[in-house]
Amino acid sequence: MEDALPIQKIIHVDMDAFYASVEQLDDPGLVGKPVAVGGGGKRGVVSAASYEARKFGVRSAMSGVLAKKLCKELIFVRPRFDRYAEISSQIRKIFFEYTDLVEPLSLDEAYLDVTLNKKGNPSATLIARDIRNEIKERTGLNASAGISVNKFVAKVASDINKPNGQKTIPPEEVLEFLESLDIKKFYGVGKVMKEKMYRLGIYTGKDLKQKSLEFLEDHFGKSGGHFYKIVRGIQKSKVSPDHIRKSLAAERTFRENISSEVFMLERLEEIAIEVERRLQKSKVAGRTITLKIKYSDFSLQTRSKTLSIYVSSKDLIMETVKDLLFQEGMKDSVRLLGISISNLNTEDKKEAPPPPEKSIDVQLKLDF
């Protein structure tokens, strides 16, 4: 019999079309119009698209030329990462009014553990609603949320009622939800992985669950073990707030794989801003900069460079990151980019070992 999952109430908050929404917020003339953040030239790439632009099929990672063909009225706006980081900081202040267990994923999304929260509210669903209302009131922007018992399910759920909505998957519905989920909705399944799963007759979570661990590891390597656990509601990953470690890092997984180095640089600029914020918050600097690249086939590559001085500023970090990115050709499309800083100028604080893995018990009842 499967063990019961420790009582956890996790919220994944995801801002709606964040970059484009900020541009529309700052320039009322853009409200209601199709907006693309990024470049519209021959080498330009769409970093983000407003919902008005998405109606025409414009998506992030799309070339600016193709986006303009799809939507002749499309308005291109240059990204302003400093402004996005400023508003992101305002949003995180709201998060910390509810819990100290906040794990930012990027400027526009974060996990919150509200199992024990500062408001004393037993309902994660109501907390998510209150947080979204606070974000709207203080910034003028809309956010969506997913609520469930672990980070994976909460993240998937946050996409269901976008934009400006939320979805709760209570404990007793988690396994049924995962079984009914289209395999392409599982995070970690990009275009290449999806096609491979389809060829193996895996179209839904239920199909995935019927495959043995040995089968999945034979066909997907280490990722097979991940898929075996996640479809059973097993995820040991906890919401990890910022704290001093041997290294500080930020990374982003893309909804669609990317191959344009121009687009990669835009995303890395955003990630570097987040790394800078974490370094400054922890009052540390580091000498070793590592670029993390995960390709669409799930192979992982890291490239590092150790400097003669300690750095903590975004500009100095990006100088090295650019060198690392262009030092050799990309072997495939990319699904994740990350930047980490190590060799810090402070002592590491020891971390407690992670708790043992648990799986979902469908009889578990929580006030969600």
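The values are calculated or read from the model by the stated rules, or taken from the named source; none is laboratory data. Predicted, not measured: the structure shown is a model, and the values here were computed from it. Here Cβ is always computed from backbone atoms with ideal geometry, including for glycine, and neighbour counts include all displayed protein chains.
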When restricted to Ile87, Ile94, Ile7, Ile11, the only residue under 29 Å from Ile131 (Cα atoms) and exposed (fewer than 14 other Cβ atoms within 10 Å of the Cβ) is Ile7
So if I check each of Gly41, Gly32, Gly57, which one is at pLDDT 95 or above, loosely packed, with under 14 Cβ neighbours inside 10 Å and over 30 Å from Asp130 (Cβ atoms)? Gly57
I'd like the full set of residues that are under 30 Å from Met197 (Cα atoms) and assigned to a strand (DSSP E or B), limited to the stretch 262-302. Leu291, Lys292, Ile293, Lys294, Tyr295, Leu300, Gln301, Thr302
Given the conditions (1) more than 20 Å from Val149 (Cβ to Cβ); (2) touching a Phe, Trp or Tyr at 6+ places or on another chain (Cβ under 7 Å), which single one is not true for Val192? (2)
Could you pull out the residue among Glu261, Glu251 that is surrounded by 16 or more Cβ atoms within 10 Å (Cβ to Cβ), within 27 Å of Val189 (Cβ to Cβ), of a type outside the set (A, V, I, L, M, F, W, C) and under 19 Å from the mean Cα position of the chain (by Cα)? Glu251
Name, by its number, the condition in (1) of a type in the set (Val, Ile, Thr); (2) surrounded by 20 or more Cβ atoms within 10 Å (Cβ to Cβ); (3) within 25 Å of Arg92 (Cα to Cα) that does not hold for Val284. (2)
Only one of Leu324, Leu268 is outside the structural domain of Phe186 (by TED's automatic domain parsing) and within 28 Å of His226 (Cα to Cα); which? Leu268
So the helices (runs of 4 or more DSSP H) completely within the stretch 157-232 holding 1 or more residues that are within 26 Å of Ser259 (Cα to Cα) are 191-199, 213-220, 222-230
Condition check: surrounded by fewer than 16 Cβ atoms within 10 Å (Cβ to Cβ), of a type outside the set (A, V, I, L, M) and modelled with pLDDT under 90. Does Lys196 satisfy that? no
Considering each residue of the stretch 282-300, count those that are under 30 Å from Lys222 (Cβ atoms) and either at pLDDT 90 or above or in contact with a Phe, Trp or Tyr (Cβ under 7 Å, 6 or more places away or on another chain) (or both), and give that number. 7
